[in-house]
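Here is the structure we will look at, set down as structure tokens.
The values are calculated or read from the model by the stated rules, or taken from the named source; none is laboratory data. Because the structure is a prediction, the values reported are computed rather than measured. All Cβ positions, even for glycine, are placed from backbone atoms using ideal geometry, and neighbour counts span all protein chains on display. Note: areas computed on protein heavy atoms with side chains; ligands, DNA, RNA excluded. Shrake-Rupley method; radii C 1.70, N 1.55, O 1.52, S 1.80 Å.
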Amino acid sequence: MADPVVVPPVPRRGTPGLRLFSLTSGLQRATLIAGLALIGLFVIVAVFAPLIAPYGFAQISDHGVDFVRQQAPSAQHWFGTSVRGEDVFSRVIYGARTALIVIAISLVLSLFIGVPLGLVSGYVGRWVDRVLVLFMDAMYAFPTLLLAIVVSIVVAGGNSSSFGGVLSAAVAITVIYVPQYFRVVRNATVAVKTEPYVDAARVTGAPIGRILFRHIFPNVTQSLPVIITLNGSEAILTLAALGFLGYGIEPTQAAEWGYDLNKALSDVSDGIWWTGIFPGVAIVLVVLGMTMVGESLNEVLSPLLRTRRAASGGSGAVAVEETVDAQVAEEESGVDAMRASDEGAAVANRTGGRDD
């Protein structure tokens, strides 16, 4: 008998995050790194706000001594003080925590509502699909800021507490983004529900829930990371717009950058720049970081953009991806060759034994 054939394992392609990073190069990689750095700084500041901020977000005195109102930046108040006597630096730091909470709640709610509805609508079809598409299109037709204001008023119910204000802002942003996730997932589900692996699961008697979340869901969510990143930047702007218009959170309940910008309008004519410039810069940096990451991921994950870059003669991520794929293909072909050689040797040994 021939010796057993030992087939070496096929090398794995590596960690998805690292491989995704390796697909970038040049300016695109620098953009991705800069965006991740800004987002990481934003998250760190938001999480450790009580440790970073020297004062409370609504604190106007220290050791029984009131802060000087509209004081210029100094060693005691790095970003100066506001018209209410609050420390601007502390409000900017705590404003990052408010923004992070609102973004997290709104994006999680949008995913948990929009994705399942998109799966059901695209897979079931018929009148369920028509009703859901009509409802989502009607929501999508409303101006986003106007819809957010109406939802914020309805949810808050005149309650501008910390929880009520944050929840109303998060729900208002959720209503805006649910139709986007619904449409993306629904269109992808319609495209893949006739694939052979879905038909095989259906023939074997798998329940609809298993088909949707075990077979279809992993194949229709490739573009969700890009949408989540871009929607995060839009959520910051929507939250700032609500606070700027007076539909946000009371300043004594939580710090919010849009509200601080609104109160800084009257300071501009008096030459008081620090009450508005620092909250504005915070908004710009966070939005810039999320947008840079979203655009970089879009270029990497979108097959159409990769094809266009390859057609235009660009190397970069496409060249790296082709190199990685070529190496894996070469390794796999080498394994196949080893298998064929060993099988041929085994056949030859058996044939030789019969001839003898």
| R183, sole failed condition from (1) part of a helix (DSSP H, G or I); (2) under 25 Å from G280 (Cα atoms); (3) touching a residue at least 60 places away in the same chain (Cβ under 8 Å); (4) open to solvent by 60 Å² or more (accessible area, probe 1.4 Å) | (2)
| query | Taking the stretch 62-75, which residues are touching a strand residue (DSSP E or B) at 6+ places or on another chain (Cβ under 8 Å) and either of a type in the set (A, V, I, L, M) or at positive phi (or both)? | reply | V68, Q70
| said: Condition (residue is at pLDDT 85 or above, open to solvent by less than 30 Å² (accessible area, probe 1.4 Å) and part of a helix (DSSP H, G or I)) applied to the stretch 50-66: is it met by at least one residue? | reply: no
| task | Give the stretch 252-292 a look and list any residue that's free of Cβ contacts under 8 Å to residues at least 40 places away in the same chain, assigned to a helix (DSSP H, G or I) and open to solvent by 70 Å² or more (accessible area, probe 1.4 Å), or say none. | result | L265, V268, I277, V284
| query | Of everything in the stretch 180-221 that's polar (S, T, N, Q) and in contact with a helix residue (DSSP H, G or I) (Cβ under 6 Å, 6 or more places away or on another chain), which residue is farthest from L297 (Cα to Cα)? | reply | T189
| query | Hey, M136 hits all of (1) modelled with pLDDT under 80; (2) in contact with a Pro (Cβ under 6 Å, 6 or more places away or on another chain) but one; which does it fall short on? | reply | (1)
| Residues in the stretch 196-221 that are closer than 21 Å to V128 by Cβ and without any contact (Cβ under 8 Å) to a residue 24 or more places away in the chain: how many? | 10
